[in-house]
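*Asks:* Sharing a structure here in structure tokens format.
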Amino acid sequence: RPDLARLGGYKQEVTILFSDVRGFTVYCEERKEQPSEVVSILNEYLGGMTDTVLEWEGTLDKFVGDAVMVYWGAPLPQEDHAWRAVRCACQMRSRLATLQEKWKSEGKQPLDIGIGINTGEAIVGNIGADGKKMDYTVIGDAVNLSSRLEGLNKVYGTAALITAATELLLSERVLRREIDRVAVKGKAEAVAIYELMSPTDAAQHADAFRHFAEGLVHYRNRRWDEAERAFRHTLELKPGDGPSGTLLKRIEEFRASPPPADWDGSWQAETK
């Protein structure tokens, strides 16, 4: 249907996925004398991720170095675009785990990634220099938020995050837990964010996640002692839980410098 990839721009609800390799700049610097090894492992990774994206019928927008941008819902409409994006993200993590085992067996340092997904209205169309270079792509706040969300994985110690806009379109078959409300850099309005979980993780740590949810309620109501106990209990049941560790640090900061009276329980991200 080439007629659907029309010239000019139009508004369309889409779901956007960004993924990025963790610490890839350092990874490359440590191997500056072995450029072929860097290119080889990056190509293997990008090849696996591309196959996964195409399996879930995503539009592979671009590679930006080691980053990948994908969207669903354009140029062909997909009513289940949010579900496709989230299932693709889960399979990307699964395929990466297989690649990581392979790289370890070959004596290579494995790559790891973060994923951010958001749903919203974006401008879709051919953008660029007319007659010289044009790209069919999506732009707008919804796209920027997806990119910012991917970076928040480093803050919360998570692997894949989605926004409330995406979460609202999902069925109960997709396992997730709310971990915070965040206003990304450059935005005043906060959005709820959720961590994607595998069925195994959700089953093994159900009690831990229940304590975390209780702690989140206490945290938003400034009940620091109760919140701290809940998050510490979460860490006892799930050692290394990133969101719990992040919110415990916030509690220490708020005890020393309480949030303003009109605080709504959200956090303002200062970095991209």
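*Asks:* Quick one: net charge of residue 135's neighbours, Cβ under 14 Å, K/R +1, D/E -1?
*Replies:* Neighbourhood net charge equals +1.
*Asks:* Where both residues lie in the stretch 115-272, what percent of DSSP beta bridges are antiparallel, nearest 5?
*Replies:* Expressed as a percentage, antiparallel bridges in the stretch 115-272 total about 75.
*Asks:* Still on this structure: Could you work out the mean projected area of the convex hull around the alpha carbons of the stretch 1-144, in square nanometres to one decimal? Walk me through the numbers on the way to the answer.
*Replies:* On the way: hull surface 38.9 nm².
Over all viewing directions, the stretch 1-144 projects a mean Cα-hull area of 9.7 nm².
*Asks:* Using the Kyte-Doolittle scale, which helices in the chain average at least -0.5 and also have C-alpha atoms spread 15 Å or more along the helix axis, with helices defined as whole DSSP H runs?
*Replies:* On the way: long enough: 35-55 (30 Å, 0.30); 81-105 (36 Å, -0.71); 141-156 (22 Å, -0.26); 206-220 (21 Å, -0.34); 224-237 (20 Å, -0.99); 242-256 (22 Å, -0.47).
TM-like helix candidates: 35-55, 141-156, 206-220, 242-256.
*Asks:* Classify the stretch 162-272 as rounded, prolate or oblate from the Cα gyration tensor: take a ≥ b ≥ c as the square roots of its eigenvalues, call it rounded if a/c is under 1.5, otherwise prolate when a/b beats b/c and oblate if not.
*Replies:* The shape class here is oblate.
*Asks:* Around residue 197, under 10 Å between beta carbons, what's the net of Lys plus Arg minus Asp minus Glu among the other residues?
*Replies:* Local charge sum for residue 197: 0.
*Asks:* Just the accessible area per residue of the chain, please: how many Å² with a 1.4 Å probe?
*Replies:* Per-residue value: 51 Å².
*Asks:* Dipole magnitude of the stretch 160-200 about its Cα centre, charges +1 at Lys/Arg Cβ and -1 at Asp/Glu Cβ only, in debye to the nearest 20?
*Replies:* The dipole of the stretch 160-200 has a size of about 100 debye.
*Asks:* Obtain the nm distance between the two label points defined at residue 171 and residue 126 by a simple spin-label model: each point lies 7 Å from its Cα along the Cα-to-C-beta direction.
*Replies:* 3.8
*Asks:* Out of the total accessible area of the chain (probe 1.4 Å, heavy atoms of protein only), what percent is carbon and sulfur?
*Replies:* After summing per-atom areas, the C and S share lands at 52 percent.
*Asks:* What's the percent breakdown of Cα-Cα distances in the chain across 5 Å bins, shortest bin first?
*Replies:* 1, 5, 12, 15, 16, 16, 13, 10, 6, 3, 1, 0, 0
*Asks:* While we're looking at this one, here's another question. Add +1 for every Lys or Arg and -1 for every Asp or Glu among the other residues with Cβ under 13 Å from the Cβ of residue 81, and state the total.
*Replies:* Counting the neighbours of residue 81, the net charge comes to -3.
*Asks:* Report the paramagnetic label zone for residue 104: residues of the stretch 17-44 whose backbone N is under 20 Å from a point 7 Å from Cα along the Cα-to-Cβ axis.
*Replies:* It comes to 21-24, 27, 41-42, 44, nothing else.
*Asks:* Still on this structure: In the P(r) worked out for the stretch 84-198, what percent of Cα pairs fall beyond 22 Å?
*Replies:* 44
*Asks:* Need the full-extension length gain, residue 203 to residue 236, defined as separation in residues times 0.36 nm minus the C-alpha distance. One decimal, nm. Kindly include the intermediate steps, with their values, before the conclusion.
*Replies:* Values: separation 33, 0.36 × 33 = 11.88 nm, distance 1.62 nm.
Stretched fully, the residue 203-residue 236 segment lengthens by 10.3 nm.
The values are calculated or read from the model by the stated rules, or taken from the named source; none is laboratory data. As the structure is a prediction and not an experimental result, all values here were calculated from the model. Every residue, glycine among them, receives a Cβ derived from its backbone with ideal geometry; neighbour counts consider all protein chains shown. SASA here: full protein model, heavy atoms, side chains in, ligands and nucleic acids out. Shrake-Rupley method; radii C 1.70, N 1.55, O 1.52, S 1.80 Å.
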